[in-house]
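These notes concern the structure reproduced below.
Readers should treat all values here as calculations from the given coordinates under stated rules, not as data from a laboratory. Computed from a predicted model, the values in this text were never measured in an experiment. With ideal geometry, Cβ positions are generated from the backbone for all residues, glycine too; neighbour counts draw on all protein chains shown.
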Amino acid sequence: MKIGVNGASGKLGGAIIEELGARGGGHQIVAISRSPEKAGGAAEARKGDYDQPDTLLHAYAGLDRLVLIPSADLRPGVRGTQLKSAIDAAVKAGVQHVFLLSAAGTRQARVPALGEAYWTGEQHLIRIAPRWTILRMNYYTQSMIDEIMMSQGQGILAGLSEDRVAYVSRNDVAAATAGAVLGDGHAGAIYNLTGPESLTGHDVAAIASDALGNSLSFAAITEEQLRGGLGQAGLPDIVINAFVDIKKTFVEGYFDVLTHDVERLSGRAPACFRDVIAASKS
Ligand SMILES: NC(=O)c1ccc[n+]([C@@H]2O[C@H](COP(=O)([O-])OP(=O)(O)OC[C@H]3O[C@@H](n4cnc5c(N)ncnc54)[C@H](OP(=O)(O)O)[C@@H]3O)[C@@H](O)[C@H]2O)c1
């Protein structure tokens, strides 16, 4: 099979290409992004820009299966448009099966909500692709670890209220995606890629304190306080808005979804938060 990965130069794309390669089978892997030369391990590199649909038609030519990883573009409305262009191009190029990386808790949403892109992408895919599979990622363990590292100085891990999240390691998302792409019987399925446990903010702070040997506590603060703190740290408004949006979805339970889909698709149990944070120290 000829398998394309769009977003190949990124962290998730790189991990997916590695997992596809490790599973063997002699498949041809095509690395696609604006800078495909940065992706290692692929048989072929092609330039494809979600903002330039013509480049996508060329990038997707001859592919049997295609993995679409959304860009990290935070400008309101942009990612939804990008995903629609990519799905249109894949269908036009004759790609037989498209695998979309989406997000846990996806539901109808409008710009400027971050989740609008996932809703728009999922719905467009379901409407027009001949064969599709949706892989809804939970929140990356690694993204929360980055937040923990930034919060260590103050000793406070902030949230907007008590929340629960089934954090998943990026490598487990990659392994499950590779398992789905190389497997059969996944057309028309929506999977939820989650870690093995759904943790509260207090749980995360306790695990981090234990693993890092520092004292970290969870505290619920107001949206105004959260925005003020992020502003003081020098973050631009577009990042602050995205961060607050994510914290609101935490409280609303979007990521409090626990499944066995990672193990079902990858053949291995997902890593727990404690193991990922311990490994990040070494
Ligand atoms: N669930 C979570 O917790 C969580 C956390 C963070 C991110 N995410 C999502 O997961 C995605 C992958 O995460 P990651 O860590 O791998 O991000 P990343 O390292 O920033 O990779 C993003 C990829 O998107 C590509 N890209 C950006 N703009 C593009 C465009 N206009 N056209 C084509 N490709 C473009 C980039 O390649 P080039 O720059 O070479 O084009 C890169 O390969 C993110 O983009 C975001 O949607 C989820």
Seminar exercise, completed: Sorting 169, 156, 206 by the position of each Cα along the dipole of segment 156-227 (Lys, Arg +1; Asp, Glu -1; all at Cβ), the one nearest the positive end of that ordering is 169
For this session: Pull up the cross-link candidates among the aspartates and glutamates for residue 248, meaning alpha carbon to alpha carbon under 15 Å and not fewer than 8 places away within one chain.
Result: 116, 162, 163, 223, 224, 256
Exercise. Summing +1 for each Lys or Arg and -1 for each Asp or Glu, what net charge is found among the other residues whose Cβ lies under 12 Å from the Cβ of residue 18?
Worked result: +2
Seminar exercise, completed: Computed over the Cα atoms of the chain, the Rg and Dmax in Å are 18.8, 54
Problem set entry | segment 176-282 - percent relative contact order, Cα under 8 Å, separation 6 or more | 49
Seminar exercise, completed: Counting Lys and Arg as +1 and Asp and Glu as -1 over every other residue whose Cβ sits under 13 Å from the Cβ of residue 268, the net charge comes to -3
Exercise. Percent relative contact order of the chain, based on C-alpha pairs within less than 8 angstrom and at least six residues apart?
Worked result: 18
Exercise. Per 5 Å bin, what percent of the C-alpha pairs of segment 221-274 does each bin hold, from zero upward?
Worked result: 4, 16, 18, 14, 12, 13, 11, 9, 3
Problem set entry | Unit Cα scatterers, Debye sum, segment 112-219: log10 I(q)/I(0) for q = 0.15, 0.17 Å⁻¹ | -0.76, -0.88
Problem set entry | Quotient of C-alpha Rg and 2.2 N^0.38 Å, computed over segment 16-101 | 1.06
For this session: May I ask you to list the lysines whose Cα is less than 24 Å away from that of residue 92, ignoring any residue fewer than eight positions away on the same chain?
Result: 2, 47, 84
Seminar exercise, completed: Shape descriptor, segment 79-141: equivalent ellipsoid semi-axes (Cα gyration tensor, sqrt 5λ, whole Å, largest first) stand at 20, 13, 9
Seminar exercise, completed: Projected convex hull area of segment 162-222, Cα atoms, direction-averaged, in nm², equals 6.0
Exercise. When all alpha-carbon pairs of segment 189-241 are counted, what percent fall beyond 13 Å?
Worked result: 72
Seminar exercise, completed: With no solvent term and unit scatterers on the alpha-carbon positions of segment 1-55, Debye gives log₁₀ I(q)/I(0) at q = 0.20 Å⁻¹ of -0.61
Exercise. Segment 179-282: percent of C-alpha pairs farther apart than 19 Å?
Worked result: 62
Exercise. What is the extension gain from residue 214 to residue 28, computed as 0.36 nm multiplied by their sequence separation minus the C-alpha to C-alpha distance, in nm to one decimal?
Worked result: 62.3 nm
